[in-house]
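Enquirer: Starting off with a structure, shown below.
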Amino acid sequence: MVRLTVDLIAKNSHLKPRKEETTAQCLKKITHINFSDKNIDAIEDLSLCKNLSVLYLYDNRISQVTNLNYATNLTHLYLQNNCIPCIENLRSLKKLEKLYLGGNYITVIEGLEGLEELRELHVESQKLPLGEKLLFDPRTLQSLAKSLSILNISNNNIDDIRDLETLENLNHLIAADNQLLHVKDLEFLLNKLTKLWKMDLNGNPVCLKPKYRDRLILVSKSLESLDGKEIKNVERQFLINWKASKDAKKISKKKSSKNEDLYLLPTDGKPKLVFFSDLSENKQTKDVYEPHLLHNPK
């Protein structure tokens, strides 16, 4: 068992105390601590490190996040590839900006209420029980609505991400290698996330759906990159024009099937049959005369 203690930090720190300094005074000056891949399984009281801002503890054996309440200046926390089953004891980290929790045993994204500075959350590749998927606590999503800009939820057996609509300032979503299936669900989400400019869904079944890429580009004006491929202006404009043409044909076909494209207009005292297309092109005629529908012009 290896526990992260202030003594261990002092022994391994490159910051050596001056002659007139105590160990406590020296520890207070430390801003970065890196104990990645050191077989750490527990975090002891590190309250002497009052100015700690970046903590690297990835690739260890930590099963519970403890004793970080003192770290009110912490901005970056790296805990990926440990044995953590749930997110807890982080609510006092009010300045936290980036949180890395990938490769643990987390089943629910929760316990992050009050972290109003959190901009990045990485929870990819959780070691989930067979058949289960990563879930989202609505309270945590609501709490992160204003701050979160980057979210990585790849490889978590997720089949629905509509709940992410709350994250109004999200601009980069990484949700590759999940079980997303329906294009309509993604269209719904993109309609809500108007600041999202980059999205990666590679490895999801939905990517194989007909017109998948075209539909997402059409529904989102902000999206600039999809599945690692840039969305160029010429591509978006082509799709916009194609959709407009397709919609126009549908309207024309619908009106034609109801015989609504044939109108009777008075011209020089005599009735004249005019098609809707002709009417729309003749603005003067359209403004002067009120068209009357002829269901049986004969």
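Any read-out appearing in this document is the output of simple, stated calculations on the displayed coordinates, not a laboratory observation. Since we're looking at a predicted model, the values are computed, not measured. Because the Cβ atoms are built from the backbone with ideal geometry, glycine has one as well, and the counts that use them run over all protein chains shown.
Enquirer: Compare the Cα positions of ASN67, SER147, LEU180 along the charge dipole of the stretch 2-243 (+1 at Cβ of Lys, Arg; -1 at Cβ of Asp, Glu; about the Cα centre) and return the one farthest towards the positive end.
Expert: Projecting each Cα onto the dipole axis, the largest value belongs to SER147.
Enquirer: Across all directions of projection, what mean area in square nanometres is found for the Cα convex hull of the stretch 1-100?
Expert: 5.8 nm²
Enquirer: Another one. Once both labels are modelled 7 Å past Cα along the beta-carbon direction, what's the ASN73-LYS94 spacing in nm?
Expert: It works out to 1.6 nm between the two label points.
Enquirer: About its Cα centre, how strong a charge dipole does the stretch 56-120 have in debye, to the nearest 20, once Lys and Arg get +1 and Asp and Glu get -1 at the Cβ?
Expert: 140 debye
Enquirer: Principal axis lengths of the stretch 11-70 from Cα atoms, whole Å, largest first?
Expert: The principal-axis extents, from largest down, are 38, 22, 16 Å.
Enquirer: Continuing with this model, one more query. Quick one: plug the Kirkwood hydrodynamic radius of the stretch 106-189 (C-alpha pairs) into Stokes-Einstein at 20 °C, 1.002 mPa s, and report D in µm²/s.
Expert: 165 µm²/s
Enquirer: At most 12 other Cβ atoms within 10 Å and a DSSP loop assignment: could you name the trypsin sites (Lys or Arg not before Pro) in the stretch 221-253 that fit?
Expert: Loop-located and lightly packed - LYS221, LYS232.
Enquirer: For the stretch 2-243, what log10 I(q)/I(0) values come out of the Debye formula at q = 0.14, 0.16, 0.18 1/Å, with one point per alpha carbon and no solvent?
Expert: -0.91, -1.09, -1.28
Enquirer: Quick check on the exposure proxy: order CYS49, CYS83 from fewest to most C-beta atoms within 10 angstrom.
Expert: CYS83, CYS49
Enquirer: What is the sum of charges, Lys and Arg at +1 and Asp and Glu at -1, for the other residues whose Cβ falls under 13 Å from the Cβ of ASN156?
Expert: Around ASN156, the surrounding residues sum to -3.
Enquirer: Between ASP160 and SER222, what is the spin-label point distance in nm, taking each point 7 Å from the Cα along the Cα→C-beta axis?
Expert: Between ASP160 and SER222, the label points sit 2.3 nm apart.
Enquirer: Tell me which GluC sites (Glu not before Pro) from the stretch 117-183 have a DSSP coil assignment and no more than 11 other beta carbons within 10 Å of their own.
Expert: Loop-located and lightly packed - GLU132.
Enquirer: Please give, to one decimal in nm, the separation of the simple spin-label points placed at ILE150 and LYS253, each 7 Å out from Cα toward the Cβ.
Expert: For ILE150 paired with LYS253, the spin-label model returns 4.6 nm.
Enquirer: Here's another thing I want to ask about it. I want the local charge near ASN89. Using Cβ-Cβ distances under 15 Å, sum +1 for each Lys or Arg and -1 for each Asp or Glu among the other residues.
Expert: -3
Enquirer: Magnitude of the Cβ-charge dipole of the stretch 178-244, K/R +1 and D/E -1, about the Cα centre, nearest 20 debye?
Expert: The dipole of the stretch 178-244 has a size of about 180 debye.
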